[in-house]
Amino acid sequence: NFNLVGNMKKSLLLLIVALLSFSATAQNSEKLTELINSKTATYGQVAYLYGVYSEKIDENASYEESFDVLKENFPLKKEISSSSPVTLSELSFICAKLADLKGGIFYTLFSNPHYAFKELQAKEILPENSDPSQKVNGRDVIAIFNGCLSQE
């Protein structure tokens, strides 16, 4: 897990409560519980959070439907599927775009996963010693989303 700065634990709790309040549907709660308990988060799970927060999908959407929306908005490699494990650099890019994160010159000029990852490190959302190819667990996904969204 990442050592996040300051009030991240409190913010994380607030994000979880906010996400749970999006809907009282059992499916939404199940998806969030599943994400929180995931040892390795998938693109489908990340796409679901992205889609619900950006209001591009309904909270009852499946991971596949969510992933289709993600593919429409991000240039993903063809071999990536909804069930593929998400990497830290790709997660950084998705979160930075979702939060419309303002960054340094390289992120501004070359908006891509590599520079989004570097920008999240610079903003201390990710530790300096993070590996961009690292797979992340569900709690880290929520913490990173929260770190980006709190920058808005």
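Could you work out the percent of alpha carbon pairs in region 100-152 separated by over 14 Å, rounded to a whole number? Mind showing how you got there, number by number?
Details: 724 of 1378 pairs.
Result for the distance tail: 53 percent.
Database remark: amide H of GLN134 closer than 5 angstrom to the amide H of LEU88, SER89 (H placed geometrically; neighbours at sequence offset of 5 or more, or on other chains; Pro and chain starts carry no H). Applied to region 118-125, the Karplus parametrisation 6.51 cos²θ - 1.76 cosθ + 1.60 on θ = phi - 60° returns per-residue 3J(HN,Hα) values of 4, 5, 5, 5, 4, 8, 6, 7 Hz, with x for Gly and Pro. Give the distance, in whole Å, between the Cα centre of region 31-47 and the Cα centre of region 84-152. Cα centres, region 31-47 to region 84-152: 17 Å.
Binning the C-alpha pair distances of region 50-152 at 5 Å intervals from 0 yields a P(r) profile of 2, 12, 24, 26, 21, 11, 3, 0 %, listed from the shortest bin outward. For THR42, the residues 5 or more places off, or on other chains, whose built amide H falls under 5 Å of its own are VAL86.
No lab work stands behind these numbers, since they all come straight from the coordinates. Since the structure is predicted, the reported quantities are computational estimates derived from the model, not experimental observations.
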